[in-house]
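The values are calculated or read from the model by the stated rules, or taken from the named source; none is laboratory data. For clarity, every value in this text was computed on a predicted model and none was experimentally measured. Every residue, glycine as well, gets a Cβ built from its backbone with ideal geometry; the counts of neighbours run over all protein chains shown. Calculation scope for accessible area: heavy atoms of the full protein, side chains included, ligands and nucleic acids excluded. Shrake-Rupley method; radii C 1.70, N 1.55, O 1.52, S 1.80 Å.
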Amino acid sequence: KLPQDSIRICDLCCGKSYLSFAAYHYFANVLGRNVRMTGVDLSQEMLTVAQNRCAGYPVSFFLQDIASLRLPEKYDFMTAVTDGFNYVPPKKAATALKKMAAHLTQGGLLYLDLSSAYKLREVLGNNTFKMRKKGTSCIWSNRLLEDGFTTEITVAECTVEIIRRALD
């Protein structure tokens, strides 16, 4: 069970930070919690996009390999979704999981999204998922390509600033 007042979240393999931004917005603005959000990625190019997307929000980013994770705090909730963990070489997977576990608070949650060809083709591919709650909308669109898969997540609240950042 996640803390009710404030929460520390770490988005591993955060890429362009679609999930980091959406998670921050959901926990802070929909649930009304104090949020300390962290994103981690191995690509400086992705982190630059992430930092620009989250400019003005209390989101920290770190350039790190999750198999040698060294972060300044422990987290209540950690994610490695949209296939991030699939890119960890098999020889480093056990080490990466141990590093993640070491960065969780007592009772903290780790959520991994491992995809298979079947899941990409039959479940996620060329689908759009929608959610609306308390004036906030989330649209998650997936597109299956010949050589891969793309995901776009848009979170919008009825303010021009939030919509602009989500679409950037």
Taking θ as phi - 60°, what are the ³J(HN,Hα) couplings along region 41-48 by the Karplus curve (6.51, -1.76, 1.60), each to the nearest whole Hz, with x for Gly and Pro? 8, 8, 10, 5, 4, 5, 5, 5
Rank Arg132, Arg53 by accessible area, highest first, at a 1.4 Å probe radius? Arg132, Arg53
Quick check for me: using +1 on Lys/Arg Cβ and -1 on Asp/Glu Cβ, what's the dipole size of region 19-113 about its Cα centre, in debye to the nearest 20? 260
Which listed residue (Cys13, Val49, Val30) has the Cα farthest towards the positive end of the charge dipole for region 1-74, taking +1 on Lys and Arg C-beta and -1 on Asp and Glu C-beta about the Cα centre? Val30
Per residue of the chain, what 222 nm ellipticity follows from adding -39500 (n - 2.57) for every DSSP H run with n ≥ 4, rounded to the nearest 500? -7000 deg cm²/dmol
Kindly provide the Kirkwood hydrodynamic radius of region 5-97 in Å, to one decimal, from all pairs of distinct alpha carbon atoms. 13.3
Among [x] 45, 42, 31; [y] 37, 35, 29; [z] 52, 51, 29, the entry derived from the coordinates for Cα extents along the principal axes in Å: [x]
Could you state how much accessible area Thr82 has, in square angstrom rounded to the nearest 10, with a 1.4 Å probe and all protein chains kept in place? 60
Amide H partners (placed H, <5 Å) of Phe61, local residues excluded: Gly39
Report the chymotrypsin sites (Phe, Trp or Tyr not before Pro) located in region 1-102 that are in a DSSP loop and have at most 11 other Cβ atoms inside 10 Å of their Cβ, or state none. none
Classify region 1-45: rounded, prolate or oblate, from the alpha-carbon gyration tensor (a ≥ b ≥ c, eigenvalue square roots; a/c under 1.5 rounded; otherwise prolate if a/b is larger than b/c)? prolate
Of the residues Tyr87, Tyr111, Val123, the Cα lying farthest along the dipole of region 75-126 towards its positive end, which is defined by charges on the beta carbon of Lys, Arg, Asp and Glu, belongs to Tyr87
For the chain, accessible area per residue (1.4 Å probe, heavy atoms of protein chains only), Å²: 57
Pull up all non-local amide H partners of Arg36: gap of 5 or more, or a different chain, and H-to-H distance under 5 Å with H placed in the peptide plane. Ile7, Arg8, Ile9
Too long for a 29 Å Cα-Cα cut-off, among Lys16/Lys92; Lys16/Lys119; Lys74/Lys119; Lys98/Lys119; Lys16/Lys91, are Lys74/Lys119
